[in-house]
Amino acid sequence: MKELEHVKAVHCAGCGILLQSEQSDAPGYLPETALKREPVICQRCFRIRNYNEASSVAVDQDDFLKLLGGIAATNSLVVHIVDLYDFEGSLISGLQRFVGQNPVLLVVNKVDLLPKSMNLNRLRNWIQQQAKAEGLRTVDIVLCSAKRNIGFEHVIEALDRYRGDRDVYVVGATNVGKSTLINRLINDYSDLERELTTSRYPGTTLDAIHIPLDDGKSIIDTPGIVYTSRMTEIVPRSFLGSLLPDKPIKPLVYQLNDGQTLFINSLVRFDFVEGERQSFTLYVSNAMNVHRTKLERADKLYEEHRGELLGAPSKEELDEMPPWTRHSLRIPRGVKKDIFISGLGWIQANGTTGAIVDLYAPKGIKVMLRDSLI
Ligand code: GDP
């Protein structure tokens with residue numbers, strides 16, 4: 001990344017990060033013209049100071065792990081925000097190792113995307129089990145929608161209950177809604193005097209922003225961690241608006257015979273290879289285009305119509321993405337299972353008869369069979 005070269009190593013007076021003017025969503029960004037501003041602060045600090053508004057920045061896994069490594073030595077409440085819609089994709093695996101003795105509050109965002117009829121107790125149990133399977137011990141789990149302002153009072157209550165005299169570290173993957181949530185926190189919770197602390201994390205130049213609370217403690221906003229195993233991270237940015245659902249997902253039910261194929265845009269191919277006629281339910285953004293065909297025609301169809309009839313991304317954009325890899329999955333009889341495709345959604349198999357399916361997705365994207373969320 002290009003640092004600002006004509007001036008020697010300029011650091012942000014707000015958070016201490018080395019400034020750069022190339023990548024607007026990476027830490028330390030400020031437009032070159034803003035260098036003359038006094039004091040020199042990065043765009044992220046500038047927004048918090050002037051507009052009470054947090055914005056997203058992202059770092060790769062290595063940088064993020066360095067940052068996490070420091071949390072164990074602090075006395076803090078770690079608030080881990082995950083996206084319910086991309087739960088396994090947005091959970092920070094190994095978080096437990098890094099937080100030491102500090103309590104972890106799991107905030108599960110975007111509950112507005114699930115059907116209203118959803119049983120919340122069942123959902124909470126499901127989350128608890130998944131988190132436990134990932135080795136994460138949580139003091140509590142809070143469900144909310146930062147965007148639609150659902151359950152936010154529970155977030156505040158939980159913060160009050162578990163914070164004590166600690167700082168609050170907010171950690172999460174990109175696109176989980178961390179900025180949206182922190183913006184609510186800033187406005188509802190802190191007595192921010194539009195003044196950034198210049199205190200830095202001891203021993204490191206971190207891009208974590210300290211947002212002061214009225215009791216002298218801080219909310220510390222850390223950069224979003226980028227996982228390239230999520231579809232949201234590898235599609236062209238212009239496509240993100242279609243991929244990320246904005247409204248409650250309308251499940252799409254397909255009655256399929258074996259030997260049939262579904263394409264979800266040009267991103268994913270689902271082959272029902274073997275099994276009795278049964279239904280599969282798609283939980284994907286309502287802006288996605290689903291195309292059904294015969295398995296024997298699928299190769300040719302994709303070759304001829306990817307990026308066009310099948311839907312975005314375009315051929316050129318697809319060529320920039322990793323090629324497909326095939327996941328062969330055996331769905332057992334008798335339990336409802338989801339074929340989870342990180343960042344895209346999931347396909348629910350109703351489990352009455354069992355099935356063998358093939359799922360094609362860009363190489364590296366997390367694809368797994370899990371117990372049904374719904
Ligand atoms: P960050 O990268 O984690 O800081 O995430 P942002 O706050 O920038 O949000 C990422 C995307 O998710 C944006 O398109 C938001 O509008 C959306 N978003 C955030 N919170 C929610 C929510 O509670 N529900 C829904 N449906 N979308 C949300």
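The values are calculated or read from the model by the stated rules, or taken from the named source; none is laboratory data. Computed from a prediction, not measured in an experiment: that's the story for all the values here. Positions of Cβ are backbone-derived with ideal geometry, glycine not excepted, and every protein chain shown enters the neighbour counts.
Numbers at a glance
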{"item": "Residue list for segment 320-363, restricted to those being surrounded by 16 or more Cβ atoms within 10 Å (Cβ to Cβ) and either part of a loop (DSSP other than H, G, I, E, B) or of a type in the set (S, T, N, Q) (or both)", "result": "M321, S342, G343, L344, Q348, N350, G351, G354"}
{"item": "Exclusive hit being modelled with pLDDT of 90 or more and in a helix (DSSP H, G or I), set R148, R161", "result": "R161"}
{"item": "Some residue of segment 245-262 being more than 25 Å from the chain's Cα centre (by Cα) and under 24 Å from K110 (Cβ atoms)", "result": "yes"}
{"item": "Enumeration of residues in segment 258-300 that are more than 18 Å from P313 (Cα to Cα) and either outside the structural domain of L244 (by TED's automatic domain parsing) or among the β-branched types (V, I, T) (or both)", "result": "T261, V273, T281, T293"}
{"item": "Test: residue in segment 268-275 that is within 22 Å of the chain's Cα centre (by Cα) and either at pLDDT 95 or above or of a type in the set (K, R) (or both)", "result": "yes"}
{"item": "Condition check for R47: surrounded by 14 or more Cβ atoms within 10 Å (Cβ to Cβ) and free of Cβ contacts under 8 Å to residues at least 12 places away in the same chain", "result": "yes"}
{"item": "Residue count, segment 90-110 (criterion: closer than 19 Å to R230 by Cα and either basic (K, R) or within 16 Å of the ligand (Cβ to nearest atom) (or both))", "result": "7"}
{"item": "Checklist (1) among the aromatic types (F, W, Y); (2) modelled with pLDDT under 85; (3) touching a helix residue (DSSP H, G or I) at 6+ places or on another chain (Cβ under 8 Å) applied to F87, failing item", "result": "(2)"}
{"item": "Conditions (1) without any contact (Cβ under 8 Å) to a residue 40 or more places away in the chain; (2) over 22 Å from L181 (Cα atoms); number of the one not met by I41", "result": "(1)"}
{"item": "Test for L77: is it away from the ligand (no atom under 14 Å from the Cβ) and without any contact (Cβ under 8 Å) to a residue 60 or more places away in the chain", "result": "no"}
{"item": "Unique residue being in contact (Cβ under 8 Å) with a residue 60 or more places away in the chain and of a type outside the set (V, I, T) when the list is D62, D86", "result": "D86"}
{"item": "Test set (1) at pLDDT 80 or above; (2) of a type outside the set (K, R); (3) not assigned by TED's automatic domain parsing to the domain that holds L143 - L95 fails condition number", "result": "(3)"}
{"item": "Test: residue in segment 40-55 that is more than 15 Å from the ligand (Cβ to nearest atom), over 24 Å from D246 (Cα atoms) and hydroxyl-bearing (S, T, Y)", "result": "no"}
